[in-house]
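J.: Right, I'll just put the structure down here and ask away after.
No value in this document is a laboratory result; all are computed from the given coordinates. Treat the numbers as computed from the prediction; the structure is a model and nothing was measured. Here the Cβ positions follow ideal geometry from the backbone for every residue, glycine too, while neighbour counts run over all protein chains shown.
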């Protein structure tokens, strides 16, 4: 019997690459996004669109649309990067990034707890920019803070979900050529997706709550 994965932000970039590779491996993929793409429509078993993961009513609609569907893998991939420079910080921008990058993955994961099979895995797509120990360049106030918050949420989820047999990974994809960075990255979404899926394959309740680079490096908090 094939396994089922749900991916947020699945319409392009890393999310689409994850959906494509999982589908190729025989997974039933459910893509969640605000607006779908032709590529996702051709890849996913199901696509749930017009869904904003920051809105409680949209997350409730996600629950309703899933019905009795059970999940073996949940990847919270949807994210936002906006720049903030000291002296010109836009605090509304900081709030947006906290809502999308930190609160939404926690909200979605909590909402879908009853849909996760025992032995299921949760991947949280974070960033090494959320590492306080690794911050030697400053700036990116909202993005760094939101990803640091996501890392804290993920660690707590790993502890709280261990009795259910559910493992959680904090996953930095690398510097990826996506729209988020104006396609100026060092690796392709496909390369990032391969690394992320390798980390998820190796994920167990014993190494749950670890902060990984997609290349297998364990990152500092």
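J.: Under Stokes-Einstein, with the Kirkwood radius over Cα pairs standing in for Rh, what whole-number D in µm²/s applies to the range 41-100 at 20 °C and 1.002 mPa s?
T.: Stokes-Einstein gives a translational diffusion coefficient of 150 µm²/s.
J.: Further question: Helix 189-201 against the longest principal axis of the chain: what's the angle in degrees, Cα atoms only, rounded to the nearest 10?
T.: 60 degrees
J.: Please list, in order, the residues from the range 3-39 whose amide nitrogen is less than 12 Å from a point placed 7 Å along the Cα→Cβ vector of residue 90.
T.: none
J.: Assuming a ≥ b ≥ c are the square roots of the Cα gyration tensor eigenvalues, decide whether the range 91-140 counts as rounded (a/c under 1.5), prolate (otherwise, with a/b larger than b/c) or oblate.
T.: Oblate is the answer for the range 91-140, as a/c is 1.5 or above yet b/c matches or exceeds a/b.
J.: Classify the range 84-192: rounded, prolate or oblate, from the alpha-carbon gyration tensor (a ≥ b ≥ c, eigenvalue square roots; a/c under 1.5 rounded; otherwise prolate if a/b is larger than b/c)?
T.: Prolate, because a/c is 1.5 or more and a/b exceeds b/c.
J.: Another question about this same structure. Counting only DSSP beta bridges with both residues in the chain, what percent are antiparallel, rounded to the nearest 5?
T.: Antiparallel bridges: around 5 percent, rounded to the nearest 5.
J.: While we're looking at this one, here's another question. Once each part is reduced to its C-alpha centroid, what is the distance from the range 32-46 to the range 82-127 in angstrom?
T.: 21 Å
J.: Please report Rg (one decimal) and Dmax (integer) in Å for the Cα set of the chain.
T.: Cα-based Rg and Dmax for the chain come out at 16.2, 56 Å.
J.: Measure nothing but the geometry: give the 0 to 90° angle between the long axis through the Cα atoms of 13-24 and the longest principal axis through the Cα atoms of the chain, rounded to 10°.
T.: 20 degrees
J.: Give me the angle, in degrees from 0 to 90, between the Cα long axis of helix 141-161 and the longest principal axis of the Cα atoms of the chain, rounded to the nearest 10.
T.: Taking the Cα atoms of the chain, the angle to 141-161 is about 40 degrees.
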